[in-house]
Amino acid sequence: MFEGVLVKMKSELQIPIQYYLEMKEDFIHLNQALDKTFQITFLNYECLNCGKNLPIYRQGFCKSCFFEVPQAADWVMRPELSKAHLGIEERDLSYEKEMQLQPHIVYLANSSEVKVGVTRKSQIPTRWIDQGAHEAILLVEVPNRYLAGITEVALKNHISDKTNWRKMLSNDVEDVNLEAVKEKLAEFIPEEVKPYYVDTKLTEEHLNFPVLQYPTKVKSLNLDKTSDYKGVLKGIKGQYLIFEDGTVFNVRANEGYCVRINIGFIE
């Protein structure tokens, strides 16, 4: 039995990808739980900032903390709003400089269809794993988050920036020549970003997820409505646990939820 507050799963790029879930006093190597019964019970909330038992609003924070902490500021979800390169503070300039003024990547990834995305260079390939992308490629590498953000905005007129999580989890994905897509999009990169285009013929990164069985019909587990769930774990993809009955559980979307987890053999 394990107890702890949920935070996003950690992963290691291997074949297949290895997943770990940190608990209060231990961690679970989730690959070892495949094909076993997996019971998750909701206990209470624990805001990732203040630690209080208050309903989680977004990103693991209670409502009050969500509108105060720098980790949940608008530039996190909308990189084009970054202002640290101008010395302008939104919530905490020292934190914003640390996060924004470092190399960022604009990439193409294929998880449900090809999409454009932004991440810090240090988060490659973790970002691709978290999105359930089975292939990805670099597009530009820029020195700050703002330049990555305006590139993403420009490219969103020509390609999606969203992942269809239902298609991703059912493995309804077509193999795509990402190098060809990249070449077509190159002309739409903003002029000030074009010097940062990654024009080397890099091979696509291919990811292998530990999934024994994909669901044909996906249903999402909501701990606020179903406080206790038990099923046979059949796979892990992105930040989702996939169960035999088609239930899926988004670990990252439930950050800040304190749970008890029991893992056993199939009865």
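Assessment of the stretch 126-135 against the conditions (modelled with pLDDT under 95, in contact with an Asp or Glu (Cβ under 8 Å, 6 or more places away or on another chain) and at negative phi) yields at least one matching residue. Taking first residues from the stretch 97-113 that are within 10 Å of residue 162 (Cα to Cα) and touching a residue at least 60 places away in the same chain (Cβ under 8 Å) and partners that are in a loop (DSSP other than H, G, I, E, B) and not charged (D, E, K, R), the Cβ contacts under 6 Å between residues at least 6 apart in sequence or on separate chains come to 111/131; 111/132; 111/133; 111/163; 112/163; 112/164.
Please go through the stretch 231-241 and give me each residue that is farther than 14 Å from residue 37 by Cβ, part of a strand (DSSP E or B) and not hydroxyl-bearing (Ser, Thr, Tyr), ordered by number. Give the steps one after another, and end with the answer.
We begin by selecting, within the stretch 231-241, every residue farther than 14 Å from residue 37 by Cβ; these are 235-240.
From the residues that got through so far, the ones that are part of a strand (DSSP E or B) too are 235-237, 240.
The answer is 235, 236, 237.
Can you find a residue in the stretch 73-96 that is among the polar types (S, T, N, Q), in contact with an Asp or Glu (Cβ under 6 Å, 6 or more places away or on another chain) and on the phi < 0 side of the Ramachandran plot? Walk me through how you get there before you give the answer.
In the first step, residues of the stretch 73-96 are kept if they are among the polar types (S, T, N, Q); the result is 82, 94.
Right, trim to in contact with an Asp or Glu (Cβ under 6 Å, 6 or more places away or on another chain) and you get none.
There is no residue in the stretch 73-96 that is among the polar types (S, T, N, Q), in contact with an Asp or Glu (Cβ under 6 Å, 6 or more places away or on another chain) and on the phi < 0 side of the Ramachandran plot.
Give the number of residues within the stretch 81-129 that are in contact with a helix residue (DSSP H, G or I) (Cβ under 8 Å, 6 or more places away or on another chain) and either surrounded by fewer than 21 Cβ atoms within 10 Å (Cβ to Cβ) or in a strand (DSSP E or B) (or both).
Filtering the stretch 81-129 down to residues in contact with a helix residue (DSSP H, G or I) (Cβ under 8 Å, 6 or more places away or on another chain) leaves 81-85, 87, 89-93, 95-97, 99-114, 116-120.
After this cut, where a residue has to be either surrounded by fewer than 21 Cβ atoms within 10 Å (Cβ to Cβ) or in a strand (DSSP E or B) (or both) as well, the list is 81, 83, 85, 87, 89-93, 95, 97, 99, 101-110, 113-114, 116-120.
Matching residues across the stretch 81-129 total 29.
Candidates are the residues of the stretch 218-267 that are farther than 12 Å from residue 41 by Cβ and of a type in the set (Ser, Thr, Tyr); the one that is surrounded by the fewest Cβ atoms within 10 Å (Cβ to Cβ) is 220.
All of 180, 154 fail the test of being modelled with pLDDT under 95, aliphatic (A, V, I, L, M), more than 30 Å from residue 35 (Cα to Cα) and in a helix (DSSP H, G or I), apart from 180.
The values are calculated or read from the model by the stated rules, or taken from the named source; none is laboratory data. Computed from a prediction, not measured in an experiment: that's the story for all the values here. With ideal geometry, Cβ positions are generated from the backbone for all residues, glycine too; neighbour counts draw on all protein chains shown.
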